[in-house]
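Accompanying notes for the structure given below.
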Amino acid sequence: MLKAGALAKKKRREKQYLLQLTQQQLLQDRLVRDKLLEAAASKEREFVRLSGEVEAGRTFVKELDRILGIADEAQQGKTLKQYQEWDANVHGAIQGRIDKVLDKMSSKDINERRRGDLDKFLTTTNTKAAVFRDIIIESEYDPLEPNRRAVKAKVGHLRDPCSRVLDKRAEENGLLADEGAGGAGAMLRESFDVIQWEERKVHDTPHGFFAKMMGREAARNKMGGAKTTSKTYRSTIKMDDYNVDRGRDIVTKEFPKGKKTYAAGDEFAPPSSDAKSLIGMG
């Protein structure tokens, strides 16, 4: 009987062990499956994030291309406008003057003049052994004569858009020029010239002489000499922007108490020499 009971107990334990092992295997398989699903989901999320960044980069590139395109169009428009202004105000003005002179001349006269200049050149080169550009004998042949007869355009001040900044600067200098220089008068407050700030130069100016005089007086007073400072130069203003007087007394001097009015016969009014006075100090 004992052997049969031990055998049954052993089988029961083996069955329980197999059942427990099966459950553990199922649990392990489920954990592995969950891990794989989580890894796949994480990979999918990472793919979505990277795809979003790529799409955002494409959107940024498109917007940047649009902005750069607008900037290029604006620059091209500015360049075209500058060229049109130059063509009308500079080239057009010069070419117009030249056209007026050429309209008064016939093509026959121009061709005869050119042929005459060429004949002189050929005759000179054929009769002389050599012709030098830096040695000119005007009695024999002057190669610069055609240049002197060239058409020239005499124009005044041209509004060149390429030199607009320089022209504006010149106009501003003209506005700020002194009246003696032919300008419209100084448009700024007169001040000590910057060129005179150098120590050796400033000593020769009225400012320098005044500083020397004040320096001598200060040195004399410091050495115990007689205080002969004139009342004209005497001042009670403290010339120090870094060590400013502070305190209640200073503030009271700057901002004294205001005046307060009292009715006639008010018992709280301060005593006054004038019985009819209605104003007293608060």
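Quick notes on this one:
- Test: residue in the range 105-126 that is assigned to a helix (DSSP H, G or I) and closer than 30 Å to V165 by Cβ: no
- Residue count for the range 67-100, restricted to those that are touching a Lys or Arg at 6+ places or on another chain (Cβ under 9 Å) and of a type in the set (V, I, T): 2.
- Considering (1) more than 30 Å from K78 (Cα to Cα); (2) β-branched (V, I, T); (3) in contact with a Leu (Cβ under 6 Å, 6 or more places away or on another chain), the lone condition that V90 does not fulfil carries the number (1).
- Considering the range 117-130, and only residues there that are over 60 Å from the mean Cα position of the chain (by Cα) and not aliphatic (A, V, I, L, M), the residue that is surrounded by the fewest Cβ atoms within 10 Å (Cβ to Cβ) turns out to be N126.
- Failed condition for M213, given (1) at pLDDT below 80; (2) assigned to a loop (DSSP other than H, G, I, E, B): (2)
- When we screen R113, R66, R133, R58 for residues that are out of contact with any strand residue (DSSP E or B) (no Cβ under 8 Å at 6 or more places or on another chain) and surrounded by 12 or more Cβ atoms within 10 Å (Cβ to Cβ), the only hit is R113.
- Restricted to the range 136-159, and to residues there that are in contact with a helix residue (DSSP H, G or I) (Cβ under 6 Å, 6 or more places away or on another chain) and among the aliphatic types (A, V, I, L, M), the residue that is surrounded by the fewest Cβ atoms within 10 Å (Cβ to Cβ) is V155.
The values are calculated or read from the model by the stated rules, or taken from the named source; none is laboratory data. Every value quoted in this text rests on a predicted model; they were computed, and no experiment measured them. Note that each Cβ is placed from the backbone with ideal geometry, even for glycine, and that neighbours are counted across all protein chains shown.
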